[in-house]
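J.: Questions regarding the structure given below will be posed in turn.
Just so it is clear, none of the values below were taken in a lab; they were calculated from the coordinates. Quantities reported herein were computed from a predicted structural model and do not represent experimental measurements. Cβ coordinates were reconstructed from backbone atoms using ideal geometry, including for glycine residues, and neighbour counts include every protein chain displayed.
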Amino acid sequence: MLDRRRFLGLASASALARPAAAQSSLTQNWPSRSVRLICPIAAGGSIDAVARIVAARLSEIWRQQVVVENRTGGGVNIAAEAVARSEPDGYTIFATPSSLAMAGLLFPSLTYDPIADFAPVSLIGTYPNIMVVPNSSPAHTVKEFIAYAKANRGKITYASGGHGSSLHLAGELFKRMTGIEMTHIPYRGATPAFNDLIPGRVDVMFNLISSSLPLARSGQIRALGVATLQRVAVMPDLPTISEAGVPDFDMSSWIALFLPAKTPPQIVSKLHADTVALLTDPATKRKLEDMGVVVAGSTPAELAATFKADIEKWGPIIKENGISLRD
């Protein structure tokens with residue numbers, strides 16, 4: 001059983017761990033060298049692009065290089081384990097999507113604890129996902145896709161950026177809410193997945209609107225619906241999956257920053273403050289919004305609450321439908 005209270009109380013509990021003078025000294029000297037920003041998504045993906053924008057701005061603020069390091073595989077698990085095993089000195093930061101909240105629910109055995117091994121810092125933002133198919137697909141609407149899948153039971157495949165990702169779970173949720181069968185084909189990021197979706201080697205994909213929109217607008221793929229309950233401003237004519245035939249379908253995602261557990265609270269506080277500052281910088285905010293990110297900084301406690309809410313939302317669904325993955 002996940003100890004959620006430990007996670008929610010992490011920031012306040014760690015604040016008592018060091019004398020104030022020692023904490024102040026650490027903060028004043030940090031960072032004094034380059035910092036790793038570990039991303040669980042392959043280079044070229046939307047999460048990677050957000051991580052690089054954040055890393056570039058932090059490099060400017062700190063006058064120290066922040067290097068994005070892509071650790072892909074097992075959903076977020078390879079990257080998460082690397083962060084969890086890192087020294088809690090502030091020199092390893094985790095930029096992760098909301099898949100981290102689901103890892104403990106989806107994978108029967110993990111080499112890290114998704115709650116106890118990380119200190120929440122701040123949300124970066126949320127983003128809508130959309131359902132897309134190849135242009136060669138006979139489906140032009142969500143209802144047509146469901147009908148096509150039922151007529152071709154056992155033959156339909158769906159792509160995602162990796163096992164255990166929120167977009168993998170979106171496909172599983174769609175299967176169970178529609179009664180269709182689809183085989184999951186995981187990739188190491190969205191870019192290689194699109195390389196198979198565009199020519200029709202896979203049938204459908206749930207993905208971030210930021211990376212899907214250019215391909216849809218250029219006519220390389222076809223968008224069928226938005227995977228949130230509200231339409232999005234950048235594609236106002238695209239219906240939600242909920243209104244297009246699957247009532248109440250909602251698969252929202254977020255990206256946030258975490259540090260290894262036991263990182264000194266003064267460092268957590270400084271990273272939080274600098275993250276909030278960069279998110280309010282007009283140029284940085286515009287870059288993120290142009291990618292489809294709804295910029296939303298948060299306190300560590302608010303991020304912990306968001307994490308807890310995702311566990312409580314998806315835990316029963318995952319359990320009831322017997323969704324279980326392996327690394």
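J.: Please build a GNM for the chain, connecting alpha carbons under 10 Å apart, and tell me which residue among M235, M131, M251 fluctuates the most.
T.: Result: M235 has the largest fluctuation of those listed.
J.: While we're here: Could you compute the longest span of the chain free of trypsin sites (Lys or Arg not before Pro) located in DSSP loops and having at most 13 other Cβ atoms within 10 Å, not counting the site residues?
T.: Details: sites that count: R33, R63, R85, R153, K155, R201, R326.
The answer is 202-325.
J.: From the phi of every residue in region 62-79, what ³J(HN,Hα) in whole Hz does the Karplus formula 6.51 cos²θ - 1.76 cosθ + 1.60 yield, where θ is phi - 60° and glycine or proline is x?
T.: Each residue's phi maps through the Karplus curve to give 8, 6, 9, 6, 10, 9, 7, 10, 8, 10, 9, x, x, x, 9, 5, 5, 5 Hz.
J.: Right, something else. What area, in nm² and to one decimal, does the C-alpha convex hull of region 129-226 cast on average over all directions?
T.: Numbers: hull surface 21.1 nm².
Value for region 129-226: 5.3 nm².
J.: OK, next. List the residues whose amide H sits under 5 Å from the amide H of S98, counting only those 5 or more places along or on another chain, with H placed 1.01 Å from N in the peptide plane.
T.: Amide H to amide H, under 5 Å and 5 or more residues apart or across chains, S98 pairs with W254.
J.: Could you tell me the relative contact order of the chain? Use alpha-carbon pairs under 8 Å, at least six residues apart, and round to a whole percent.
T.: Working: 671 pairs, mean separation 91.3, N = 327.
It comes to 28 percent, rounded to a whole number.
J.: Helix 265-280 against the longest principal axis of the chain: what's the angle in degrees, Cα atoms only, rounded to the nearest 10?
T.: Its long axis makes an angle of about 50 degrees.
J.: For I156, what charge total do you get from the other residues with a beta carbon under 9 Å from its beta carbon, if Lys and Arg give +1 and Asp and Glu give -1? Working shown, then result.
T.: Details: positive: R153, K155; negative: E181, D203.
Around I156, the surrounding residues sum to 0.
J.: Based on DSSP, what percent of beta bridges with both residues in the chain are antiparallel, to the nearest 5?
T.: Numbers: 23 of 38 bridges.
Taking every DSSP beta bridge within the chain, about 60 percent pair in antiparallel fashion.
J.: Now for a separate question. Tell me the relative contact order for region 173-287 as a rounded percent, counting alpha carbon contacts under 8 Å between residues six or more apart.
T.: Normalised by residue count, the contact order of region 173-287 is 14 percent.
J.: Put +1 on the Cβ of each Lys and Arg and -1 on the Cβ of each Asp and Glu in region 129-226; which of L197, L167, G225 then has its Cα farthest toward the positive end of the dipole?
T.: Selected residue: G225.
J.: How many angstrom lie between the Cα centre of region 216-260 and the Cα centre of region 143-214?
T.: After rounding, the separation between the Cα centres reads 13 Å.
J.: What is region 129-226's relative contact order, in percent, from Cα pairs under 8 angstrom and six or more apart in sequence? Don't skip to the answer; put the middle values down first.
T.: Working: 173 pairs, mean separation 46.2, N = 98.
So the answer I get is 47 percent.
J.: A119's amide H: which non-local residues (gap 5+, or another chain) put their own amide H closer than 5 Å, with H modeled 1.01 Å from N in plane and none for Pro or chain starts?
T.: For A119, whose amide H was placed from the backbone, the distant partners under 5 Å are L259, A261.
J.: Follow-up. Work out the count of Lys pairs in the chain where the Cα-Cα distance is under 18 Å, with the pair 8 or more places apart or on different chains. Walk me through the numbers before you get to the answer.
T.: Numbers: K143/K155; K143/K175; K150/K175; K155/K175; K175/K313; K175/K319; K262/K270; K308/K319.
So the count works out to 8.
J.: Give, rounded to the nearest 20 debye, the magnitude of the charge dipole that the chain has about its Cα centre when Lys and Arg contribute +1 at Cβ and Asp and Glu contribute -1 at Cβ. Don't jump to the answer; show the numbers that get you there.
T.: Numbers: 31 positive and 27 negative charges, 46 e Å.
Computed charge dipole of the chain: roughly 220 debye.
J.: For the chain, how big is the tail of P(r) above 33 Å, as a whole percent of Cα pairs? Working shown, then result.
T.: On the way: 13174 of 53301 pairs.
Summing the P(r) of the chain above 33 Å gives 25 percent of all pairs.
J.: Here's a follow-up. Could you tell me which of P247, I323, A116 has its Cα farthest along the dipole of the chain towards the positive end, charges placed at Cβ (Lys, Arg +1; Asp, Glu -1), taken about the Cα centre?
T.: The residue sitting most towards the positive pole is A116.
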